[in-house]
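Please treat every number below as a calculation from the coordinates, not as lab data. If you're wondering where the values come from, they're calculated on a predicted model, not measured in any experiment. We place every Cβ from the backbone using ideal geometry, glycine too, and count neighbours over all the protein chains shown.
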Amino acid sequence: MQFDSASSTPDELVARAAQLREEINSANRLYYVENAPELDDAEWDARMQELLALEAAHPNLHSNDSPTQRVGAPPAAGFDEVVHPIPMLSLGNVFDEDGFLAWYKRALDFLELDSAPMVCELKIDGLALAITYRNGVMEQAATRGDGESGEDVTANVRTIRSVPLKLEGESGTIPPVIELRGEVFLPNSKFTTLNTERETVGLPAYVNPRNSASGSLRQLDSSETAKRPLDMFFYSIGYVEGPEEISSHWDTLQAIKGWGGRTNEWTREVSTVEEVMAFIAKTGEQRESLDYGIDGVVIKIDSLALQHRLGFVGRDPRWAIAYKFPAEQAETTLKAIHVNVGRTGALTPWAELEPVMVGGVTVGRATLHNKDEIDRKDFREGDRVVIQRAGDVIPQVVEVSSKNKRSSDSKPYVFPDACPSCGSETAQSEDEAVTRCVNGACPAQFERLLEHFASRVAMDIEGLGERVSQDLPRLGFVSNIADIYRLHERREDLLELDKMGKTRVDNLLKGIEASRSQPLPNLLFALGITGIGSESAEWLSRRFRNLSAVKEATEEELLAIDGIGLVLATTLVEYFAIEQNRKLIGDLIELGINPIDETLEPSADHPANGVTFVVTGRLETMSRSEAQNLIKMLGGKATGSVTGKTEYLLAGAEAGSKLEKAQRLNVHVITESEFIAFMDDGIVPVSPDLGSSDEEENAPLLS
Ligand code: IVH
């Protein structure tokens, strides 16, 4: 019977809208998630049209989780930033069985276990997304961004049919707030159609499905995203409020599926290394037949409790690893060899190639690494060469093809002996394969430094990309980093440049202003000191707290930082000894670029701070590595052997020679429960000299 909205009561309208939403949602789920369509296109369309008309005529029927929201919203001005409640981290990579075995052994050693069940999944080559549901309704979707914060792409994600707008399930089975994470992708089959359409309307084709997924998801006009057939696989739960009842990764996937989220059907539970290798081999064979790009297999320890114990090292979890597939190769012609000058003066050769498809991407440039590599492999202009590409890695020239035929006038390539940018001398040190321009004032080096300084992971100055980093020094606007912060005084001069235009000039100046609030680690990293990456910048920042203190750091102080060795310490001391660099730091501080690191040291007032421990024997509730990590986190030292400096020996079961030595040296021996009370609650074990030496009698202290 036809529903007649004109003669219906408000309650009937609400009920009808609910019924239509229910039918469309259920049809969508069957179609997109379960691959088992129920309604044909015409039936689906009729329901959608009716619902759209109802909502248009009765705005009070509007609802964010209505399937009509999937058609997209009006264009947005930009994306808001979303800070991830739990960072979205990356995965470590291995490339062969040995690499996988080494990872698995490290995890088992850490846990002191002989084996641990795992889950094998496909590594989808798309974009990571985090979607938050409040009371079961999609509230926000964010891209991964730099892992700490991403972009709010909610309106766009609402248009993805396989993403539930509302989680299914009995009330009480869905946590009040839950963040589901996964990978968005564009199916390969749709990619070709999309590109053909783009070309017909004169738009540039996307290079690969991954870029097209990213481009589609970052449309400011979500009705444009709605036209792109994006899809998504969920693979984990991020932030949750409410009871956490799930205890394994496998159960996580089952729960997500139960709530209506699409999970990948190839995922398997495995318990042996052989099963993992068989999964990888099978995936490799099937790879070509899948309708989405994958670049490997992800292996995860199944138990969430074990995942929690394993934790992270740097940005990578110890509980998961990506097994990357071998690089894809192709043959092409090396048209010419060019040389670039990098930020530290390194001269890097690159190959201009006859464009060729490798692993779904057209490649026209590839790296040749360094001078020695060219000499050793005798790459010459005009050669047929083998190139390869693995995941996001820059394509590289591997070797001269066995089918290469050289003409009689082919000559070995001669690497330039002067800097192609400033013409200065170059030098090749004995221990490194790199040829460098020795001119500290080389313009090309400075241009790269500027670009690095402004990059997203450094000072994040919008508008100061590759081109502007070249133009500003060339046109005499900046000759050192500090000059950037004086640029606002020359706004009028900038406006006179044909190239820039008012909006771009003002955006650049705004970007520069905004960068003043970047934290100290970013500034330290931005300076481009050889060997200082984001992580070591963070250590320096935490230890010295401000720029002047870093500048004055002695080699001894630097060496005392965990992770900083002699090479880095020397480089830093040398960098800050150069007058020009000292002046730069002084100028930056004077210009107000002087961030202070106020991160609280969690360990500062913990009684374990600065205390030396040795851990021995078998512990009940944790492994020795975990105990050592705890000690370090709280600022203590965990050393390997008992000496006169050892303050506590944590002795588990079957403690051997270390226990004997500790007793000989009168080192305070503590039990695991004393240790836990010490670490967790700061209860310092009573010394046997002061109190009773009987451990039983110490016990009440802990309860
Ligand atoms: S798990 C702690 N599982 O790979 C990291 N990631 O290299 C947890 N990816 O940013 C990630 N398929 O975008 C995981 N089955 C899968 C994946 C997957 C693709 C992506 C994801 C992540 C990147 C890490």
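Tally Lys/Arg at +1 and Asp/Glu at -1 over every other residue whose Cβ is under 12 Å from the Cβ of Leu304; what's the total?
-2
With the convex hull of its Cα atoms as the shape, region 400-519 has an orientation-averaged projected area of 12.3 nm². Cα extents for region 115-247 along the principal axes, largest to smallest and rounded to whole angstrom: 53, 39, 28. Spin-label model, Asp221/Val457: points 7 Å from Cα along the beta carbon direction are separated by 3.5 nm. Cross-link partners of Lys335 among lysines, defined as those whose alpha carbon lies under 22 angstrom from its own and excluding same-chain residues fewer than eight positions apart: Lys371, Lys377, Lys403, Lys405, Lys411.
Taking a temperature of 20 °C and a viscosity of 1.002 mPa s, what whole-number D in µm²/s does Stokes-Einstein yield for region 258-368 with Rh from Kirkwood over alpha carbon pairs? It comes out at roughly 119 µm²/s.
Taking every alpha-carbon pair under 8 Å whose residues sit at least 6 apart, the chain reaches a relative contact order of 9 percent. When the Cα gyration tensor is reduced to axis lengths a ≥ b ≥ c, the ratio a/c is 1.5 or higher for region 329-406, and with a/b not above b/c it is classed as oblate.
Taking the Cβ-Cβ separation of Ala433 and Glu552 as r and a Förster radius of 60 Å, what is the calculated FRET efficiency to the nearest 0.05?
FRET efficiency, Ala433 to Glu552: 0.95.
Between the listed residues Val611, Asn666, Thr344, the Cα displaced farthest toward the positive end of the dipole of the chain, a dipole computed from Cβ unit charges relative to the Cα centre, is found at Thr344. Per the Debye formula with a single identical scatterer at each Cα and no solvent contribution, what log10 I(q)/I(0) holds for region 205-279 at q = 0.12, 0.21 Å⁻¹? Scattering profile of region 205-279, log10 relative to I(0): -0.56, -0.99. With the simple spin-label model, which puts each label point 7 Å out from Cα in the Cβ direction, the Val356 to Ser8 separation comes to 6.2 nm. What the Kirkwood sum gives for region 301-453 is a hydrodynamic radius of 18.0 Å, with every pair of different alpha carbons counted. Take every Cα-Cα pair in the chain and report what % of them are more than 37 Å apart. For the chain, the share of Cα pairs beyond 37 Å comes to 55 percent.
Looking at the square roots a ≥ b ≥ c of the eigenvalues of the Cα gyration tensor of region 618-657, which shape do they give, rounded for a/c under 1.5, prolate if a/b is larger than b/c, or oblate?
Oblate.
For a quick check: sort Lys403, Lys227 by the number of other beta carbons within 10 angstrom, fewest at the front.
Lys403, Lys227
Report the far tail of the P(r) of region 569-693, meaning the percent of Cα-Cα pairs longer than 21 Å. So the pairs more than 21 Å apart make up 52 percent of the total in region 569-693.
Rounded to 0.05, the FRET efficiency of the Thr272 and Arg315 pair, given R0 = 35 Å and the Cβ-Cβ distance, is 0.75. Selection among Leu290, Ile301, Tyr323 by position relative to the dipole of region 283-325 gives Ile301 as farthest towards the positive end (Cβ unit charges, Cα centre). The lysines within cross-link reach of Lys257, meaning a Cα-to-Cα straight distance under 29 Å and a gap of 8 or more places when in the same chain, are Lys123, Lys166, Lys190, Lys227, Lys282, Lys300, Lys324. Cross-link reach is defined here as a Cα-Cα straight distance under 26 Å, omitting same-chain residues fewer than 8 places apart; for Lys645 the lysines meeting it are Lys632, Lys637, Lys658, Lys661.
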